[in-house]
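Heads up: the structure comes next, in structure tokens.
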Amino acid sequence: MKLPNYVAGKWVEGAGTGEPLIDPVTGDELARISSQGIDLGEGLDFARSEGGPALRQLTYGQRAELLSKAADLLSAKRDEYFRISLLNLGATQADASFDVDGALYTMKYYAKIGRTFAEGKMLKEGAVVPLSKTGVFAGQHFLTPTKGAAVFINAFNFPAWGFCEKAAPALLSGVPVVVKPASPTAWLAHKMVEDVAKAGIFPAGALSVVCGSARELLDYIREEDIICFTGSADTAARVRSHDNVLRRSARVNIEADSINSAILGPDCTSGMDLFDLLVKEVVKEMTLKAGQKCTTIRRVFVPRPQLQAFGEAVAARLSSMKVGNPRNPEVKVGPVVNKAQQAACLEGLKQLSQECSVVYGGHSANFQPVDADAQKSAFVEPTLLYCKDGIAAKNVHDVEVFGPVVTLVPYDNVEDVIAMTRRGRGSLVASVFSNDSVFLREVVPGIGDLHGRILVVDSAVGSQHTGHGNVVPSCLHGGPGRAGGGEELAGLRALLLYHRRFVVQGPASCIQELSNSCMDTSLLYS
Ligand code: NAP
């Protein structure tokens, strides 16, 4: 089976033999993909000239209705998406739920909050700016949906959520979507686009999917297009510095890799609620999706006297979690996505091992996944490392092992923990578990400028927090520096990415007329 591409309103199979999609547990081939021979320029033109105008004939409220229909349709097919997640990602039920249910929730969320925009087609920002003595000449800032296409180049780890969390705000804004899922796991995103497209919910050209290599896609980008990239920092740099993208100053939003942290406060000792909560959170982060989340904790900073107890507590929990074929109901940890990722993880583990010792795991020759052939499958043994000297270490703050690997790093004072956390050079998220308000008052602002999100948990919050790795659509997702500098979600603020700001300086009467059909941007922040 070769998955056809959906471009320019047509389903077209790519040329050649294509690339195989592989089951990471059995090594079996599941399907093939190819973008060879597909006219990507025509696909983008069609999205701009057919999909965009048809979407923008509708109001925000009407587009929210379409999103709602799409979310209902996708929800009805949830079982099929879980099946594909199992086959193509080796996902456990919990892994599949994190991606698929997260995707459905995000779609529904945007459908719901999009209705608050009701009838408008453009947004007005702020008050009228008087520019003349009599008030006859004035200024007004507006935001209008871009007339280009939104091009999504996505990562392999969240084929469903990665598509939906980007598509929902773009479509709500009236901007057509061209999604290029990562090749190894393209099937799920392809299936979701296929289901929505075949149901005819959105106008022709509103939704396209290209499976396989991006080829020369970026050569066709124009000034009014938006590129949303999620993936590694290396590919991000290539996308950002692409000649045509640079020359046209196309808007680029990057979500890249990230060395995220969790910090146990100096007030927390073994046996305390916060100590146990962070132990649980670390284990969840390591094992859910086998650590293949962009937000996953990579470093845990622990007060030096607590380090041994913390390591033992994490190791004890890990030892009860079976790693292997998710078809076995006892299995809690699945594989990484393919042999290449397994090799990349093991190489990263080697680099971290230069500065660390193994507390648990280590992927030794003895490691044997349950109900799977170690040669054919792509498992990585959950591994807890210990880095004695985090100040001197380099790799621990730099190497992202995109799998179930976490490093414990002791700290002696607040200055050191702030300095070490900052050495991630820009991250998506850091968590701080502490009841010490003085410590929190120093740490949060001390690292805030280099993080997109900081999760603070004290005893009053306890287990009610949303989770270190969990991205909620009402709050910002993204991070500065190495994390890419992009911003996604944050409720209706996500629409800003797909709108362009301009100011009209002109007759007050003309401004009044334009403003009449506009919703106010203050709604974005409500
Ligand atoms: P990747 O290798 O960088 O690939 C990402 C996407 O870029 C894929 O769709 C890939 O297509 C495409 N691509 C590769 N070369 C390209 C080029 N020259 N021009 C245009 N597109 C190109 O990343 P990945 O391995 O899929 O994802 C894992 C990484 O993503 C991790 O580092 C993780 O931290 C990061 N991530 C970040 C976030 C976030 O929100 N910040 C979320 C998820 C993942 P092919 O697959 O066809 O090569």
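Points worth noting:
- For the residue pairs Lys289/Lys394; Lys166/Lys293; Lys77/Lys332; Lys77/Lys322; Lys10/Lys69; Lys112/Lys180, the C-alpha atoms sit more than 19 angstrom apart in Lys289/Lys394; Lys77/Lys332; Lys77/Lys322; Lys10/Lys69; Lys112/Lys180.
- The magnitude of the dipole of the chain, with charges of +1 and -1 set on the Cβ of Lys/Arg and Asp/Glu and taken from the Cα centre, is near 920 debye.
- Euclidean distance of C-alpha centroids, region 1-71 and region 153-223, integer Å: 6
- For the chain, with +1 on Lys and Arg beta carbons and -1 on Asp and Glu, the positive-most of Cys211, Val337, Ala197 along the dipole: Ala197
- Close amide H contacts of Ala372 (hydrogens built in the peptide plane, cut-off under 5 Å, sequence separation of 5 or more or a different chain): Asn325.
- Over the C-alpha trace of region 235-338, radius of gyration and Dmax come out as 19.1, 58 angstrom.
- Listed residue (Gln464, Ser517, Phe439) projecting farthest to the positive dipole end of region 414-526, Cβ model: Ser517
- Paired Rg and Dmax values of region 132-184, which use every Cα atom, in angstrom: 18.2, 63
- Solvent exposure of region 71-143 amounts to 46 Å² per residue of accessible area, where only protein heavy atoms count and the probe is 1.4 Å.
- Ordering of 43-52, 260-269, 473-482 by packing [mean C-beta count within 10 Å, highest first]: 260-269, 43-52, 473-482
- Taken as entire DSSP H runs, the helices of the chain that both span 15 Å or more between Cα atoms along their own long axis and average -0.5 or more on the Kyte-Doolittle scale are 60-76, 78-89, 93-114, 159-173, 186-198, 273-287, 307-318, 339-353, 437-448.
- Fraction in percent of alpha-carbon pairs per bin - 20 Å, the chain: 22, 52, 24, 2, 0
- Accessible surface area normalised per residue over region 465-526 is 44 Å², counting heavy atoms of protein chains with a 1.4 Å rolling probe.
- The charge dipole of region 436-516, taken about its Cα centre with unit charges on the Cβ of Lys, Arg, Asp and Glu (plus for the first two, minus for the last two), comes to roughly 240 debye.
- Using θ = phi - 60° and Karplus 6.51 cos²θ - 1.76 cosθ + 1.60, couplings along region 139-144 (whole Hz; Gly, Pro as x): x, 8, 8, 10, 10, 10
- Within the accessible area of the chain (1.4 Å probe), percent carbon and sulfur: 53
- Contact order normalised by residue count of region 365-470, Cα under 8 Å, 6+ apart, percent: 21
- Listed residue (Gln93, Leu131, Ser68) projecting farthest to the positive dipole end of the chain, Cβ model: Leu131
- Radius 10 Å from Cβ of Pro159, net charge of other residues (Lys, Arg +1; Asp, Glu -1): 0
- The residues neighbouring Lys69, those whose beta-carbon lies less than 14 Å from its own, together hold a net charge of +3 under the Lys/Arg +1, Asp/Glu -1 convention.
- For region 258-416, accessible area per residue (1.4 Å probe, heavy atoms of protein chains only), Å²: 38
The values are calculated or read from the model by the stated rules, or taken from the named source; none is laboratory data. Note that the structure is a prediction, hence the values are computed from the model and not measured. Quick reminder, even Gly has a Cβ in these numbers, built from the backbone with ideal geometry, and neighbours come from all protein chains shown. Protein only, heavy atoms only, side chains kept; ligands, DNA and RNA dropped before computing areas. Shrake-Rupley method; radii C 1.70, N 1.55, O 1.52, S 1.80 Å.
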